[in-house]
Each structure stands twice: as structure tokens, then as C-alpha cells.
1. Just want to confirm a number: the relative contact order over region 32-120, from Cα pairs under 8 angstrom separated by 6+ residues, in percent.
2. Taking square-rooted eigenvalues a ≥ b ≥ c of the alpha carbon gyration tensor, is region 21-107 rounded, prolate or oblate, where a/c under 1.5 means rounded and, failing that, a/b exceeding b/c means prolate?
3. Please give the FRET efficiency for Glu57 paired with Lys31, using the beta carbon to beta carbon distance and R0 = 22 Å, rounded to the nearest 0.05.
4. Near Lys91, which lysines are there with a Cα under 20 Å away, not counting those fewer than 8 places off in the same chain?
5. Distance in nm between label sites at Lys6 and Ala95, each 7 Å beyond Cα in the beta-carbon direction?
6. Name the long-range amide H neighbours of Arg88: under 5 Å, sequence gap of 5 or more, or other chain; modelled H, no Pro or chain starts.
7. Grab the DSSP H runs of the chain that are 4 residues or longer, score each as -39,500 (n - 2.57), total them, divide by all residues and round the 222 nm result to the nearest 500 deg cm²/dmol.
8. Karplus couplings for region 20-32 from phi (6.51 cos²θ - 1.76 cosθ + 1.60, θ = phi - 60°), rounded to Hz, Gly and Pro as x?
Amino acid sequence: MDDIIKSIEQQQLKESVPEFNVGDTVRVYAKVKEGNKERTQVFEGIVLKRQNGSVRETFTVRKVSNGVGVEKTWPLHSPVVQKIEVIRRGKARRAKLTYLRKRTGKAATKVKEIITSKND
């Protein structure tokens with residue numbers, strides 16, 4: 001029984017998933033259905049957490065829109081998520097950045113940036 005579930009999960013995995021961690025600023029391109037129309041919606045924010053592994057892996061992204069904090073959680077290997085683009089690399093010393101929820105304004109997006117050279 002376990003082998004059957006594992007084989008089905010292997011088929012669901014995406015081949016190319018960009019490397020991103022907690023604290024990174026990402027842009028998530030998600031498919032949205034409205035009636036019979038389908039469009040791509042972009043959600044840009046800081047990754048608060050990544051949970052689980054393999055096909056069940058999820059990640060939560062937070063952004064502040066018009067002074068209101070908005071969080072969305074997506075399954076990493078979902079067909080709804082078209083593409084994940086890493087905008088900025090952040091240095092986080094924790095696995096989950098839930099303390100950012102209490103912050104407002106500029107402090108809500110303050111995560112130290114990792115500066116990478118163009119030669120890497």
C-alpha cells in the first residue's frame with residue numbers, strides 16, 4: 001500500500017522548483033479561475049515558513065497591502081502555482097518568522113539581505 005502512494009506522489013512532483021528559504025522575498029505566479037476565465041495573479045512577499053517535505057511541502061508568503069498584512073499558503077508542487085521567482089535572498093536565523101506579524105510599516109519587511117556576487 002505504501003509503495004502505491006509513493007509512486008503516485010512521485011508523479012505529482014514538479015521537476016524544477018527554485019531554491020528559496022525562509023526570509024527570501026519571492027514572487028509567486030498563481031492561476032486564478034474566475035467563472036470560465038483563467039488568469040495569472042502575482043503575489044510578492046517574504047517567505048515566513050516552509051513546512052513538511054516531498055509532495056506535501058507548503059510555504060507561506062506574507063505581504064503588507066494597504067496597511068493590512070496578507071498571508072497565503074501554497075502547496076509547493078500544486079498545479080495552481082505556475083512559477084516562483086526569487087527577488088531577494090534574506091538571512092534568517094529561525095525556521096519560522098512569525099514575529100514579522102506583529103510588525104507594521106517598514107519593520108514588517110526588515111530581514112537582512114544576503115548579497116551575492118554576479119560571478120556565483
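Every number here is computed from the coordinates shown, using simple stated rules; none is lab data. The shown structure was predicted, so the numbers you read here are calculated from the model rather than taken from an experiment. No Cβ is skipped: glycine too gets one built from the backbone with ideal geometry, and neighbour counts run over all protein chains shown.
1. Values: 101 pairs, mean separation 18.5, N = 89.
About 21 percent, as a whole number.
2. Working: a/c = 2.08, a/b = 1.33, b/c = 1.56.
Since a/c reaches 1.5 but b/c is at least a/b, the shape of region 21-107 is classed as oblate.
3. On the way: r = 19 Å, r/R0 = 0.85.
Working from the Cβ atoms, E equals 0.75.
4. Reachable lysines: Lys49, Lys63, Lys102, Lys106, Lys110, Lys112, Lys118.
5. Once both label points are built, they end up 2.3 nm from each other.
6. HN-HN under 5 Å from Arg88: Thr25.
7. Values: 1 runs with 11 residues, N = 120.
The helix-only estimate for the chain comes to -3000 deg cm²/dmol at 222 nm.
8. Per-residue couplings from phi come out as 9, 10, 5, x, 6, 8, 10, 10, 9, 9, 10, 7, 10 Hz.
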